[in-house]
Amino acid sequence: MDQLTGVTIGPIDLAAWAPQALEVQAVAFGLTPEEVAVRLHIVGRHALQPGVIALGAMSGGRLVGFGYGMPNHREHWWSTVIEPHLTARGYEDWLDGVFAVTELHVLPEFQGQGVGSRIIRTLCERSGLDRSILSAIDAETPARRLYRALGYQDLARAVRFPATDRLYAVMGARLPLRGAAVRGSQGAGELQ
């Protein structure tokens, strides 16, 4: 257990913990009950994917954060949406041989304490791959600042997924991730 935050991070069975994980996501991301119901089905499907890694952050016996990801495959729905955006920017090779961080959410009262950083770093370390990719709301949010601090750079912006009005950015990083305390040089390093 981390002495600073009182949070323990460890593997979880994604299918078994999906309802609790989506409660965290609903609070952290502002989901409606209808959106939670749709995502519950998606998370259940993801739990069956080969190579999926899921971690939970526990405090006082409750789930306060979670993250999961898997090796990316071009036939995954997410990849089919982002592929034209990556291809247009010369980053199509980021669809192959990368670890896709699918979800990462932490309850608001535990944000800013390094919980999200510990989850994503551990996911990426356990992936066994040398690059990671993810999507995040295309705005200056704490999540985007965290991803940049870890070494993620924009691969594509203004990506629109079906059934949402929000624009997303697709970000990629070479692994291992940088330390979360690293600031500045956001554009340093070449992704290709």
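The values are calculated or read from the model by the stated rules, or taken from the named source; none is laboratory data. Keep in mind the model is a prediction, meaning the values are calculated, not measured. For neighbour counting, all protein chains shown are included, and Cβ atoms are generated from backbone atoms with ideal geometry for every residue, glycine included.
From A26, A18, grab the single residue that is on the phi < 0 side of the Ramachandran plot, buried (at least 21 other Cβ atoms within 10 Å of the Cβ) and assigned to a helix (DSSP H, G or I). Step by step, each of A26, A18 is checked, and only A18 is on the phi < 0 side of the Ramachandran plot, buried (at least 21 other Cβ atoms within 10 Å of the Cβ) and assigned to a helix (DSSP H, G or I).
When you scan the range 1-33, how many residues do you find that are of a type in the set (A, V, I, L, M) and over 23 Å from Q111 (Cβ atoms)? The number of residues fulfilling the criteria is 2.
When G112 is tested against the conditions (1) touching a Leu at 6+ places or on another chain (Cβ under 9 Å); (2) under 24 Å from T8 (Cα atoms); (3) not charged (D, E, K, R), the lone failure is (1).
Against the numbered list (1) β-branched (V, I, T); (2) part of a helix (DSSP H, G or I); (3) closer than 14 Å to W17 by Cα, V64 comes up short only at (2). Which ones in the range 34-61 are under 17 Å from L107 (Cα atoms) and assigned to a helix (DSSP H, G or I)? Result: V36, single match. Considered as a group, the residues in the range 155-172 that are among the β-branched types (V, I, T) and at pLDDT 90 or above include one that is surrounded by the most Cβ atoms within 10 Å (Cβ to Cβ), and that residue is V170. Quick check: is even one residue across the range 69-92 of a type in the set (D, E, K, R), buried (at least 16 other Cβ atoms within 10 Å of the Cβ), in contact with a helix residue (DSSP H, G or I) (Cβ under 8 Å, 6 or more places away or on another chain) and outside any helix (DSSP H, G or I)? No, there is no match, as no residue in the range 69-92 is of a type in the set (D, E, K, R), buried (at least 16 other Cβ atoms within 10 Å of the Cβ), in contact with a helix residue (DSSP H, G or I) (Cβ under 8 Å, 6 or more places away or on another chain) and outside any helix (DSSP H, G or I). Within the option set A163, A158, being at positive phi and assigned to a strand (DSSP E or B) holds for one residue only, A158.
Got a sec? Which of G61, G67, G97 is at pLDDT 95 or above and at positive phi?
Working: G61 fails: at pLDDT 95 or above; G67 fails: at positive phi.
Of G61, G67, G97, the one residue that is at pLDDT 95 or above and at positive phi is G97.
Scanning the range 30-50 for residues that are surrounded by 15 or more Cβ atoms within 10 Å (Cβ to Cβ) and touching a residue at least 24 places away in the same chain (Cβ under 8 Å), we see that the one that is farthest from P162 (Cα to Cα) is A47. Every test in (1) surrounded by 22 or more Cβ atoms within 10 Å (Cβ to Cβ); (2) under 19 Å from L22 (Cα atoms) is passed by M58 save one, and that test is (1).
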